[in-house]
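Q: First the structure, then my questions, so here it is.
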Amino acid sequence: MSRVSVATRLDFREQGRRPLLLVLLVGLPFFFVTRSIALTAPLPREVVVAGGGHVLTNMRDIHGAVMASITVSFLAGLLGVFVIRSVRQADRRLVVAGFRPVEVLVPRLLVLGAASTLVLTVSLAVTALSFQPKLWIAFVVGNLLAAISYAMLGALAGAVLGGLGATYLMLFAAMLDLGIVQNPMFGAGAPPPWGALLPGYGPGQVIVDAAFSDHFHAWAALGVGIGWAAILVAAVVVVLARVIGVDSHASG
């Protein structure tokens with residue numbers, strides 16, 4: 001068995017010792033998404049989709065379209081915080097045992113990816129009970145990009161702030177970005193110009209277009225979302241490699 005496999009198994013075992021985390025990842029999406037949609041009145045609302053098109057829908061369906069991304073973003077960000085905060089405590093032992101930094105880094109990213117995928121799957125499954133987007137594949141991709149970006153942002157926040165501060169930051173960031181700025185329930189049905197500077201802009205536009213358009217138009221927004229995700233993944237790799245590398249140097 002390779003060292004990467006061993007480290008991955010140990011990381012999954014570590015997360016398995018936190019049953020409350022599993023309840024949070026599965027239970028919160030079910031409660032948050034279903035209750036939010038059920039309590040929203042189906043008032044008429046016009047939304048702006050990619051390319052400048054206008055679609056007449058209602059507030060309940062808009063909530064159905066965006067609640068998954070809000071939930072996924074916050075929980076993926078929270079997972080990122082947990083991962084980066086546990087690096088020094090758990091991975092130092094592996095470095096002392098002779099593991100190279102890359103052999104410790106890859107398992108951490110695999111665990112983060114697996115947990116984020118679990119949150120995404122549960123959130124989309126719950127959404128499907130109350131809302132059916134027009135384009136499911138694009139809808140999944142948009143939510144996946146939101147999960148990746150916020151998981152990486154959570155990891156970066158956890159590296160700079162304490163656990164509590166990073167958790168509150170991720171809650172605030174997810175609600176402000178995907179919950180308000182990118183949410184067509186507010187304003188004129190489209191994000192303000194400065195909203196394009198936020199990491200949720202690309203995923204948000206893809207999600208709204210996939211939810212209400214018969215044909216996909218948000219290609220530019222898809223590129224923006226992929227770009228944000230790639231940059232944030234690279235930043236987290238650098239930060240984690242530095243943290244693990246410092247520990248490796250210290251232990252040597």
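Q: Which condition does residue 13 not pass, out of (1) open to solvent by less than 30 Å² (accessible area, probe 1.4 Å); (2) modelled with pLDDT under 70, if it passes all the others?
A: Single failed check for residue 13: (1).
Q: While we're here: With the requirement that a residue be buried (at least 19 other Cβ atoms within 10 Å of the Cβ) and modelled with pLDDT under 90, what does the stretch 128-144 give you?
A: If the condition is that a residue be buried (at least 19 other Cβ atoms within 10 Å of the Cβ) and modelled with pLDDT under 90, then 131 is the only one that fits.
Q: Select from the stretch 213-237 the residues that are crowded, with 21+ Cβ neighbours inside 10 Å and farther than 17 Å from residue 144 by Cα and list them in ascending order.
A: Of everything in the stretch 213-237, just one residue is crowded, with 21+ Cβ neighbours inside 10 Å and farther than 17 Å from residue 144 by Cα, namely 236.
Q: Something else now. Since residue 108 meets every condition but one in (1) crowded, with 20+ Cβ neighbours inside 10 Å; (2) modelled with pLDDT of 80 or more, which condition does it not meet?
A: So residue 108 meets the others, but not (2).
Q: Search the stretch 180-202 for residues being touching a residue at least 40 places away in the same chain (Cβ under 8 Å) and buried (at least 23 other Cβ atoms within 10 Å of the Cβ), and hand back the single one that is nearest to residue 66 (Cα to Cα).
A: Within the stretch 180-202, the match that is nearest to residue 66 (Cα to Cα) is 183.
The values are calculated or read from the model by the stated rules, or taken from the named source; none is laboratory data. Please read all numbers here as calculations on a predicted model, not as lab measurements. Note: ideal-geometry Cβ built from the backbone for every residue, glycine included; neighbour counts use all protein chains shown. Each accessible area value is taken on the protein alone, full model and side chains, heavy atoms only, with ligands, DNA and RNA left out. Shrake-Rupley method; radii C 1.70, N 1.55, O 1.52, S 1.80 Å.
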